[in-house]
Amino acid sequence: MSSKEKLLLIVLACVNFTHIMDFMILMPLGPQLIDIFDINTQQFGFLVATYGVAAAISGFTLAFFADRFDRKKVLLFAYIGFVVGTFACAISPTFTILISARTITGLFGGMIGSQVLSIVADAFPYERRASAMGIIMMAFSLASVIGVPGGLYLATKFSWHAPFFTVGGLGIIVMILIWAFVPNVTAHLEQESAKQKKLEVLTNILKTPNQLWALALSVVIMLGHFSIIPYIAPSLVSNIGYKEDQIFLIYLVGGLLTIFSAPLVGKLADKRGKFPIFVTFAILSCIPIFLITNLIPTPIYVVLTISGLFFIFSNGRLIPTQAMVSGVVTPKQRGGFMAINSSVQLMAQAIASSIGGLIIIQREDGYLDHYDWVGYYAISMILLSIFIARKIKNIN
């Protein structure tokens with residue numbers, strides 16, 4: 001990998017870091033927000049879902065225009081709007097205003113992920129793409145190691161507003177990095193994608209089973225994954241008896257482990273095959289999911305071991321997934337397709353967090369019932385994803 005390629009991946013990882021941190025920090029803040037705004041788990045699930053719904057709408061809309069412009073310009077535009085939305089979250093005084101601010105952030109944030117993946121897919125051939133995706137996915141790990149513990153510390157030390165101010169401040173720096181170091185990505189324009197009909201991105205998907213299977217894989221994985229994630233912190237506090245200032249350890253340990261595992265998984269997927277590695281980590285991820293959603297009061301080192309495995313295995317299945325999904329379209333169609341893919345992923349995230357909120361029942365003393373049911377549902381989605389992944393074929 002050349003130094004130019006490494007620099008590109010570092011900047012895009014910074015984009016993902018702030019983008020993911022903005023989304024992730026809301027979930028461990030759940031216990032605080034539930035208490036501060038006097039809301040229940042269903043309302044908190046709705047707050048999480050709001051971002052996803054808005055992002056899904058904007059991602060879907062972007063699909064009709066993404067391949068008509070320089071990918072760098074689209075990314076920069078979306079990122080500026082995302083930073084503005086994050087600052088709006090930081091100054092929100094009420095639950096209603098916070099929902100509105102999350103909607104604004106989601107509208108722009110929904111464009112970011114698809115453009116990052118499109119730029120990586122355009123810059124790296126399929127044979128090296130999983131390795132590149134592994135580096136990009138390290139942003140999730142760094143957000144867990146640095147962002148979430150730091151955000152929780154700021155929220156505990158000052159207020160829940162502080163983490164959003166911090167992300168917004170970092171976002172200003174990242175905007176400069178995008179402008180300075182991300183090259184213009186216009187090769188797809190030279191292939192006359194700009195002359196495509198507006199609805200062609202949809203007609204291509206509808207008449208291509210391979211693309212439909214790829215979208216189905218993205219949806220099913222998110223339906224399982226995000227039914228669990230938003231409620232890990234609330235369940236540890238309410239059911240297991242953890243203190244709020246201990247929650248950061250879950251993300252710290254899990255993030256540290258995936259910093260090392262993500263690049264290795266990417267290289268392994270390029271060497272051994274994306275599908276076999278996906279299946280391996282999908283099956284392995286069922287173990288910590290079952291354990292997390294069936295936890296009883298237990299020593300913290302046991303919980304950290306289980307959650308660490310959850311981070312490693314869940315991250316391990318996402319890396320080959322991103323590579324497989326990006327390989328079902330040609331470069332000239334990639335921007336639009338990845339925008340649609342991002343849209344359905346985010347919508348699935350919103351639906352999943354709402355499903356989790358509907359299944360879980362909160363007692364008067366705060367205890368969360370039926371979290372184990374959510375775990376069984378998530379495992380069924382993982383098993384379904386393996387069947388779907390078998391149908392996907394790489395075309396480039």
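Remarks
- Residue that is nearest to Ile173 (Cα to Cα) [pool: residues in region 15-56 that are of a type in the set (Phe, Trp, Tyr) and at pLDDT below 85]: Phe23
- Taking region 325-341 as the range and being outside any helix (DSSP H, G or I) and hydrophobic (A, V, I, L, M, F, W, C) as the test, the residues that pass are Val328, Val329.
- Positions within region 328-349 being surrounded by 20 or more Cβ atoms within 10 Å (Cβ to Cβ) and farther than 15 Å from Leu223 by Cβ, in sequence order: Val328, Val329, Gln333, Arg334, Gly335, Gly336, Phe337, Met338, Ala339, Ile340, Ser342
- Within region 287-299, considering residues that are at pLDDT 90 or above and surrounded by fewer than 18 Cβ atoms within 10 Å (Cβ to Cβ), the one nearest to Ser238 (Cα to Cα): Asn294
Each row is one residue, and each column tells you yes or no for (1) outside any helix (DSSP H, G or I); (2) free of Cβ contacts under 8 Å to residues at least 60 places away in the same chain.
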{"site": "Cys286", "(1), (2)": "no, no"}
{"site": "Ile296", "(1), (2)": "yes, yes"}
{"site": "Thr305", "(1), (2)": "no, yes"}
{"site": "Gly308", "(1), (2)": "no, yes"}
{"site": "Phe311", "(1), (2)": "no, no"}
{"site": "Pro320", "(1), (2)": "no, no"}
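- Looking at Ile173, Ile112, just one residue is outside any loop (DSSP other than H, G, I, E, B) and in contact with a His (Cβ under 9 Å, 6 or more places away or on another chain), and that residue is Ile112.
- Qualifying residue in region 351-371 (condition: under 20 Å from the mean Cα position of the chain (by Cα), at pLDDT below 80, more than 20 Å from Asn239 (Cβ to Cβ) and in a helix (DSSP H, G or I)): yes
- Selection over region 81-125 of residues that are among the small types (Gly, Ala, Ser) and within 17 Å of the chain's Cα centre (by Cα) gives a count of 6.
- Some residue of region 40-47 being part of a helix (DSSP H, G or I), surrounded by fewer than 21 Cβ atoms within 10 Å (Cβ to Cβ) and without any contact (Cβ under 8 Å) to a residue 12 or more places away in the chain: no
The values are calculated or read from the model by the stated rules, or taken from the named source; none is laboratory data. Since the structure is predicted, the reported quantities are computational estimates derived from the model, not experimental observations. FYI the Cβ positions are ideal-geometry reconstructions off the backbone, even for glycines, and counts take in every protein chain you see.
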